[in-house]
1. Residues of the chain: accessible area per residue at 1.4 Å, in Å²?
2. Output wanted: per-residue J couplings in Hz (rounded whole) for region 50-65, from phi through Karplus 6.51 cos²θ - 1.76 cosθ + 1.60, θ = phi - 60°, x for Gly and Pro.
3. What's the FRET efficiency of R91 with E28 using the Cβ-Cβ distance as r and R₀ = 25 Å, to the nearest 0.05?
4. Label I61 and E18 with points 7 Å out from Cα along Cα→Cβ: what is the distance between them in nm?
5. Exactly which trypsin sites (Lys or Arg not before Pro) in region 1-53 are in a DSSP loop and have at most 12 other Cβ atoms within 10 Å?
6. Be a star and scan region 13-28 for residues whose amide nitrogen sits under 17 Å from the point 7 Å along the Cα-to-Cβ vector of D37.
7. May I ask you to give the percent of accessible area on the chain that is carbon plus sulfur, with a probe radius of 1.4 Å?
8. Taking the structure as given and computing P(r) over Cα pairs in 10 Å bins from 0, in percent, which label from (1) 17, 45, 26, 11, 1; (2) 15, 52, 30, 3; (3) 17, 46, 31, 5 fits?
Amino acid sequence: MIADREAIRDYFGDGFNENALPNRRNPEEIPKDDLKDALDQAGRNSKTRGYHEIVDGTRIIERLDPVVVRSKCASCRRLFDVICDHLGVQRLP
């Protein structure tokens with residue numbers, strides 16, 4: 001999820017503090033609890049008043065750009081590659 005900051009920024013809107021998010025080259029290395037805490041802090045002054053995993057997480061996932069996420073997360077790219085190979089379809093860009 002953290003790989004597509006534009007989707008997160010779009011979801012939270014005004015008051016979102018992107019500087020509260022961890023800035024790592026490989027987003028897959030961010031521990032889940034650290035990510036949840038960072039999202040809560042980043043969204044604290046937005047319309048959602050923080051991050052609530054069940055509600056906000058699913059809504060953010062709906063906004064994610066799969067091309068962006070695959071480009072930044074190797075295991076996501078591998079997952080999509082395996083699925084495409086299993087289905088016999090061309091791998092995604």
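1. 67 Å²
2. Whole-Hz 3J(HN,Hα) from phi for region 50-65: x, 10, 10, 3, 5, 7, 6, x, 5, 6, 5, 4, 4, 8, 4, 8.
3. The pair R91/E28 has a calculated efficiency of 0.80.
4. Output for this residue pair reads 2.4 nm.
5. Taking region 1-53 and a limit of 12 other Cβ atoms within 10 Å, the loop trypsin sites (Lys or Arg not before Pro) found are R24, R25, K47, R49.
6. The answer is 19-24, whose backbone nitrogens lie closer than 17 Å to the label point.
7. The computed percentage sits at 49.
8. Correct label is (1).
The values are calculated or read from the model by the stated rules, or taken from the named source; none is laboratory data. This one's a predicted model, so the numbers in the text were calculated from it and none came from an experiment. Don't worry about glycine lacking a Cβ; one is built from the backbone with ideal geometry, like all the others, and counts go over all protein chains shown. Surface accessibility is based on the protein's heavy atoms, side chains included, excluding ligands, DNA and RNA. Shrake-Rupley method; radii C 1.70, N 1.55, O 1.52, S 1.80 Å.
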